[in-house]
1. Name the residues in region 107-127 that are out of contact with any strand residue (DSSP E or B) (no Cβ under 9 Å at 6 or more places or on another chain) and surrounded by 11 or more Cβ atoms within 10 Å (Cβ to Cβ), would you?
2. Could you tell me which of the residues 24, 75 is buried (at least 19 other Cβ atoms within 10 Å of the Cβ), modelled with pLDDT of 90 or more and in contact with a helix residue (DSSP H, G or I) (Cβ under 9 Å, 6 or more places away or on another chain)?
3. If you scan region 128-138, which residues turn out to be assigned to a loop (DSSP other than H, G, I, E, B) and buried (at least 16 other Cβ atoms within 10 Å of the Cβ)?
4. Residue 29 passes all but one of (1) in contact with a strand residue (DSSP E or B) (Cβ under 9 Å, 6 or more places away or on another chain); (2) exposed (fewer than 12 other Cβ atoms within 10 Å of the Cβ); (3) modelled with pLDDT under 85; (4) under 30 Å from residue 116 (Cβ atoms); which number fails?
5. So which residues in region 78-120 are within 18 Å of residue 21 (Cα to Cα), assigned to a strand (DSSP E or B) and out of contact with any helix residue (DSSP H, G or I) (no Cβ under 9 Å at 6 or more places or on another chain)?
């Protein structure tokens, strides 16, 4: 098994290069978390991001918004649900990663979010970008991401680079108890 370490890609950039900012939302239902399946790129689908991967919902900041505003907007656009950020102790951000995606540096902020309207039904709201969503146990998600990082042949799920960096950077947070304690 190869040794992996979280690579802070911000250190690899030339002086003065700014990272684009993105967000991802961790939507929980009990001990499960929601992930979405991104479409393959094709001649008709020219969306940004690595093709045919799983990730948390989210996306890039518009020029006039904060990361907090971005994740609320992205959850509505992608899944047709209204959410609010759930604080982690005295912090709003669950974690951050620095990633190279499509030859560009991205700083991603992860937020734990909760639905504000339980009457809303989660659905794929942008079928040109995503094909499915699923609920997966928190610990199982971390196991599947690790299998992808390690290149196991039996692993059928591939994950967005930001998800891999999250697991490599926050090694101990794969334990569901860590999430519960931080949310208490």
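The values are calculated or read from the model by the stated rules, or taken from the named source; none is laboratory data. Just so we're clear, the structure is a prediction, and the values are computed from it rather than from any experiment. Please note: Cβ atoms are built from the backbone with ideal geometry, for glycine as well, and neighbour counts cover all protein chains shown.
1. 120, 125, 126
2. Details: 75 fails: in contact with a helix residue (DSSP H, G or I) (Cβ under 9 Å, 6 or more places away or on another chain).
On inspection, the qualifying residue turns out to be 24.
3. Of all residues in region 128-138, those assigned to a loop (DSSP other than H, G, I, E, B) come to 128-129.
Scanning region 128-138 gives a single hit, 129.
4. Among (1) in contact with a strand residue (DSSP E or B) (Cβ under 9 Å, 6 or more places away or on another chain); (2) exposed (fewer than 12 other Cβ atoms within 10 Å of the Cβ); (3) modelled with pLDDT under 85; (4) under 30 Å from residue 116 (Cβ atoms), the lone unmet condition for residue 29 is (3).
5. 104
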